Every structure is written in structure tokens, then in C-alpha cells.
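The values are calculated or read from the model by the stated rules, or taken from the named source; none is laboratory data. Given the structure is predicted, the values throughout are model-derived calculations rather than measurements. Here Cβ is always computed from backbone atoms with ideal geometry, including for glycine, and neighbour counts include all displayed protein chains. With ligands, DNA and RNA removed, areas are computed over all heavy atoms of the protein, side chains included. Shrake-Rupley method; radii C 1.70, N 1.55, O 1.52, S 1.80 Å.
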Amino acid sequence: QLIQSSRGPGNQRRYHRSMLRRISLIKVTQTLGLSLKEIGTALNTLPDKQTPTKHDWEKLSRHWRDQLDLRIA
């Protein structure tokens, strides 16, 4: 599961700030051609229930950059 939400009054989905960041990241990486499976595998390396740090995002971007460079070549 890539994202998690809770239900608020009126049965609306509520997302924690860290989930909103993940959703943004998922949308951007999909436009780069990465599959949801690839994205999910990478996101599973991030800490649960806390907002990823700058270092966490840099680690992901380095990994994806290498993958994208291989595809371009």
C-alpha cells in the first residue's frame, strides 16, 4: 500500500502531512516513467509514521536518478 488515510466526519478521507508529500512524490515520479511497483519499493525504505527527512529524499532521488540514467542510455 503506497498511501494511508483515515476517515473524518462525513466519511471524508484525511491524509497526514507526510502522506501528502508521498502523494506528490508518487505523481512526479510517475510522470518520469517509474511504475507504481518501483515507487512502492523505494517508499518502503522510508520511515513509517514520520515525515521523511531531507536525507531520506536525497537517497531516493539518487536511486531513481541512476535508474533513469540507465533507461536513457
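Filtering segment 16-62 to residues that are of a type in the set (D, E, K, R), part of a helix (DSSP H, G or I) and more than 9 Å from the chain's Cα centre (by Cα) leaves Arg17, Lys37, Glu38, Lys54, Asp56, Glu58, Lys59, Arg62.
Among the residues of segment 63-73, those identified as open to solvent by 100 Å² or more (accessible area, probe 1.4 Å) and either part of a helix (DSSP H, G or I) or touching a Gly at 6+ places or on another chain (Cβ under 8 Å) (or both) are Arg65, Leu70, Arg71, Ile72. For segment 28-56, a tally of residues being free of Cβ contacts under 8 Å to residues at least 12 places away in the same chain and either over 16 Å from Leu2 (Cβ atoms) or charged (D, E, K, R) (or both) returns 6. Taking only segment 1-34 into account, find how many residues are in contact with a helix residue (DSSP H, G or I) (Cβ under 9 Å, 6 or more places away or on another chain) and open to solvent by less than 90 Å² (accessible area, probe 1.4 Å). Selection size over segment 1-34: 11.
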